[in-house]
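These notes are about the structure you will find just below.
The values are calculated or read from the model by the stated rules, or taken from the named source; none is laboratory data. The model shown is predicted, which means the values in this text are computed figures rather than measured ones. Reconstructed Cβ throughout: ideal geometry from the backbone, glycine too, with neighbour counts over all protein chains shown. Heavy atoms of the whole protein, side chains included, go into the accessibility calculation; ligands, DNA and RNA do not. Shrake-Rupley method; radii C 1.70, N 1.55, O 1.52, S 1.80 Å.
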Amino acid sequence: MLGRVSYPGLFFQLDAPSGRYEDAPLGLGWQGPSLDYRKLEKLELDPRFRAWLENPLFERIVRARIAGDIVLYRSILFHKGQAGGSNLPWHQDGGKLWGITQEPELQIWTALDDAPEEGGCLEVVPGSHRDGLVTPLGGVIPPDQVAAKEAEAHRLLLPVRAGEVLLVHNHLWHRSGRGRAGQRRRAFSVCYMSASTRCVRKKKAPRVFPPVFRHALEAREPHLGRED
């Protein structure tokens with residue numbers, strides 16, 4: 001966030017001073033050194049983040065859920081700064097908003113700071129992923145659907161300590177409130193999916209999704225990637 005380490009292609013989004021998700025600025029990208037960014041994406045470009053998202057335990061989990069070659073939809077830091085950051089409303093991670101040919105189902109969410117119940121922890125509606133997407137678009141869930149589901153009554157808070165990890169289905173209803181004043185809440189979330197997934201967006205060039213776990217495969221089968 002301070003620009004001391006830089007990789008071409010990193011994505012940044014500043015937080016909203018109001019603390020309202022709806023007020024977060026769009027399309028600005030890097031605005032200079034600041035600890036007020038709420039999102040930092042494409043962290044697979046950084047060797048330390050890359051090593052974490054490709055660790056052997058995560059590979060076993062991912063391969064148990066996804067057949068064949070694996071790619072990343074995104075690897076992203078979510079940050080609630082010392083002012084508390086923004087609230088994140090009930091939403092689902094998928095649908096036309098994501099612009100891909102099939103719905104991913106697995107995100108691995110690592111707490112980099114403590115996230116207590118009153119400090120920006122993840123909140124979920126258990127079992128909500130089984131009903132699929134609420135809207136074809138995906139993303140934020142409309143208020144009338146939140147009320148119909150009685151999400152407030154059924155919500156489950158998932159407080160975590162730094163270093164603990166959550167497995168999240170993309171269609172699970174989830175949200176997070178503001179963090180504690182004076183303390184940061186950072187979380188690193190990685191969405192894995194099948195390499196057969198394609199980008200279908202039209203306004204920009206289709207995205208190319210980076211492959212993962214290739215190093216482990218090549219270690220087991222050294223002839224891969226070598227021309228004889």
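If you scan the range 116-148, which residues turn out to be hydroxyl-bearing (S, T, Y) and touching a Leu at 6+ places or on another chain (Cβ under 8 Å)? Steps first, please.
Looking only at the range 116-148, we keep the residues that are hydroxyl-bearing (S, T, Y), and these are 128, 135.
S128, the sole residue that qualifies.
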Among strands (runs of 3 or more DSSP E) completely within the range 133-199, the ones holding 3 or more residues that are crowded, with 18+ Cβ neighbours inside 10 Å and at pLDDT 95 or above are 174-176, 185-194
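Scan the range 6-29 for residues that are open to solvent by 100 Å² or more (accessible area, probe 1.4 Å) and at pLDDT below 90 and report the count. Quick ask: steps written out before the conclusion?
Initially, the range 6-29 is screened for residues open to solvent by 100 Å² or more (accessible area, probe 1.4 Å), giving 8, 17, 20, 22, 26.
Next, from what is left, pick out any that are at pLDDT below 90: 17, 20, 22, 26.
Here the count works out to 4.
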When you check E103 against the structure, is it at pLDDT below 95, within 30 Å of K149 (Cα to Cα) and open to solvent by 10 Å² or more (accessible area, probe 1.4 Å), yes or no? no
Checked pairs for the range 50-61, first within 17 Å of Y7 (Cβ to Cβ), second of a type outside the set (A, V, I, L, M, F, W, C) and open to solvent by 40 Å² or more (accessible area, probe 1.4 Å), C-beta under 8 Å and 6 or more apart or across chains, list as E54/H215
Open item on the list: Given the condition open to solvent by 60 Å² or more (accessible area, probe 1.4 Å) and over 16 Å from the mean Cα position of the chain (by Cα), answer yes or no: does some residue in the range 39-50 qualify?
Closed with: yes
Among residues of the range 117-132 being part of a helix (DSSP H, G or I) and farther than 20 Å from I76 by Cβ, the residue most open to solvent (accessible area, probe 1.4 Å) is R130
Of those in the range 52-91 that are of a type in the set (S, T, Y) and under 17 Å from R214 (Cα atoms), the residue most open to solvent (accessible area, probe 1.4 Å) is Y73
